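Worksheet for the structure shown next.
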Amino acid sequence: MPENANNEIGIRKLRETLPDVLHDVSVRGRVMYVTNHGRRVAALVPVPDAEALEAKRQAEAPQS
């Protein structure tokens, strides 16, 4: 994937370069924001980052 000046990618470009984007995210630890008409709509993050965020949210959730 060509190196961009930022970490955002449009949906159309993501469809064309998905394998390369996933490689950057998983191997290089890069966070990529997916945009739709210039607005961020999603993020691709490495699994360890996502798992850490999920664990933090669960720990902060009110206990019933």
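Please treat every number below as a calculation from the coordinates, not as lab data. Computed from a predicted structure; not experimentally measured.
Over the chain, what is the percentage of antiparallel beta bridges among all DSSP beta bridges, to the nearest 5?
60
Hey, any idea what Rg/Rh is for the chain, computing Rh the Kirkwood way over Cα pairs?
Details: Rg = 14.1 Å, Rh = 13.0 Å.
For the chain, the value is 1.09.
Any chance you could give the angle, 0 to 90 degrees and rounded to 10, that helix 11-28 forms with the longest Cα principal axis of the chain?
Around 60 degrees separate the two axes.
Using Cα pairs closer than 8 Å and at least 6 residues apart in sequence, work out the relative contact order for the range 8-60, in percent.
Details: 52 pairs, mean separation 16.6, N = 53.
31 percent.
Mind pulling the angle between the C-alpha long axis of helix 47-60 and the longest principal axis of the chain? Nearest 10 degrees, somewhere in 0 to 90.
30
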